[in-house]
Amino acid sequence: MNELVEAAAPPGANGGVPSDQGTHATLTAMDYGDPRESGDDIVLAAVDLRKRYGDVQALDGFCLTVAAGEVVGLVGHNGAGKTTFLEMVASLIRPDSGRITIDGADPMQSRGLVGICPQHIALYPSATVREHLQLFGGVNGLRRRALRREIDELAVGLRLTEIMARRVGVLSGGQQRRTQAAVALIHRPRLMLLDEPTAGADPETRQAVLDVVKGRAAEGGSVIYTTHYLPELTELQATIAVARRGRVIARGTGAKLLEQLPGQVRVRFGNDEVRMSAMDTTGALVTLLSSATAAVTEIEIRKPSLDDLYRSLAVSDDR
Ligand SMILES: Nc1ncnc2c1ncn2[C@@H]1O[C@H](COP(=O)(O)OP(=O)(O)OP(=O)(O)O)[C@@H](O)[C@H]1O
Ligand SMILES: [Mg+2]
């Protein structure tokens with residue numbers, strides 16, 4: 001019979017999965033903007049944002065700073081406040097209190113610097129893809145040659161070439177996603193707000209969106225990218241902001257955040273398998289090996305992943 005034992009971390013090994021309290025305790029308020037180097041060009045500064053809807057405190061002291069050329073992966077459970085925050089940055093809703101500046105100015109004055117790809121498709125069903133890009137590019141000040149150049153580039157990058165003349169209402173879900181992303185990017189915004197731009201997308205669509213976003217960041221654009229699919233953030237080389245209950249509770253590079261999480265050690269001997277979570281995986285392995293009662297047949301040491309980070313915050317945000 002296979003026995004699976006969840007072992008406690010050895011005393012003194014600084015082990016165990018950190019509680020949410022632990023995450024809070026190890027990060028200070030200054031960490032919200034931390035990944036930037038001093039002297040970085042700050043594009044977005046959001047300080048202590050609050051927003052209440054009836055009984056729901058959608059944002060509850062939300063702070064985030066984004067530097068030029070930075071891709072921030074904004075993650076968190078359903079209801080954490082991610083969309084509310086992005087809509088606020090795009091001036092679609094107003095905070096009850098708190099302050100947002102984009103390039104040092106009020107968001108209402110900086111609307112042209114921002115492009116938002118909303119979580120839910122918001123396009124005109126009877127207009128074609130090309131008409132969307134012409135409309136949104138034109139509204140944002142692009143004229144003839146520049147508009148044509150941007151449309152051509154996005155059509156190739158987001159695989160829209162074949163569907164440019166089709167009405168959006170008849171497009172598939174993935175095709176609409178790509179169109180929505182193109183609308184957000186057409187005027188080459190300095191700050192891109194992409195709210196689950198690949199939700200429900202097939203791998204090709206996902207890759208097209210990621211490639212275009214990486215390209216824009218490489219040119220110095222700033223991106224806030226929400227997703228529930230964390231490998232995307234690794235590919236985007238994003239810094240991470242974890243939102244929970246209306247505020248950012250962890251902020252930093254993936255490597256920095258993962259330093260605070262334990263790794264996993266698994267040892268199989270005979271018919272038994274023992275697993276241990278520990279910060280010091282070497283110490284844990286020594287402990288497990290010394291307690292083995294039969295020949296060891298398998299050893300696995302696994303570093304923490306972004307999925308583990310997400311799971312360590314595994315309390316629903318549905319309020
Ligand atoms: N217009 C609104 N009226 C009432 N409640 C709202 C409104 N907008 C957002 N909320 C509530 O605010 C909270 C935060 O919602 P928000 O959409 O920002 O979450 P989210 O982090 O984007 O979640 P998801 O991952 O599901 O997209 C939720 O409890 C939501 O029900
Ligand atoms: Mg959302």
*Taking D40, is it more than 13 Å from ligand 1 (Cβ to nearest atom) and in a loop (DSSP other than H, G, I, E, B)?*
yes
_Need the failing condition index for T65 against (1) within 16 Å of ligand 2 (Cβ to nearest atom); (2) of a type in the set (S, T, N, Q); (3) modelled with pLDDT of 95 or more, just the number._
(1)
_Given the criterion among the β-branched types (V, I, T), touching a residue at least 24 places away in the same chain (Cβ under 8 Å) and within 16 Å of ligand 2 (Cβ to nearest atom), identify the matching residue among I151, I121._
I121
*Residues in segment 190-200: is at least one within 16 Å of ligand 2 (Cβ to nearest atom) and among the polar types (S, T, N, Q)?*
yes
*At least 1 residues that are within 22 Å of L185 (Cβ to Cβ) and in contact with a helix residue (DSSP H, G or I) (Cβ under 7 Å, 6 or more places away or on another chain) in each: list the strands (runs of 3 or more DSSP E) lying fully within segment 202-254 that qualify.*
222-226
*asked:* Among the residues in segment 257-265, are any surrounded by 16 or more Cβ atoms within 10 Å (Cβ to Cβ), under 27 Å from G98 (Cβ atoms), modelled with pLDDT under 90 and touching a strand residue (DSSP E or B) at 6+ places or on another chain (Cβ under 6 Å)?
replied: yes
*Being within 14 Å of ligand 1 (Cβ to nearest atom) and either buried (at least 19 other Cβ atoms within 10 Å of the Cβ) or closer than 19 Å to A182 by Cα (or both), is that true of even one residue in segment 96-111?*
no
*Taking the residues in segment 60-76 that are outside any strand (DSSP E or B) and more than 9 Å from ligand 1 (Cβ to nearest atom) as candidates, determine which candidate is surrounded by the most Cβ atoms within 10 Å (Cβ to Cβ).*
E70
*For segment 259-282, name all the residues that are outside any strand (DSSP E or B) and of a type in the set (G, A, S).*
G270
*Search segment 177-206 for residues that are of a type in the set (K, R) and pair each with any residue that is within 16 Å of ligand 1 (Cβ to nearest atom) when their beta-carbon atoms are under 6 Å apart and the residues are at least 6 apart or on different chains.*
R177/A201; R206/T198
*surrounded by fewer than 21 Cβ atoms within 10 Å (Cβ to Cβ), within 20 Å of the chain's Cα centre (by Cα) and within 16 Å of ligand 1 (Cβ to nearest atom), is that true of I224?*
no
*asked:* Given (1) part of a strand (DSSP E or B); (2) out of contact with any Pro (no Cβ under 9 Å at 6 or more places or on another chain), identify the lone condition not met by G79.
replied: (1)
*Please enumerate the residues belonging to segment 266-307 that are modelled with pLDDT under 85, within 22 Å of G252 (Cα to Cα) and surrounded by fewer than 19 Cβ atoms within 10 Å (Cβ to Cβ).*
D307
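The values are calculated or read from the model by the stated rules, or taken from the named source; none is laboratory data. Predicted model, so just to flag it, every value in this text is computed and none were measured. Methodologically, a virtual Cβ is constructed for each residue, glycine included, from the backbone with ideal geometry; neighbour enumeration extends over all protein chains shown.
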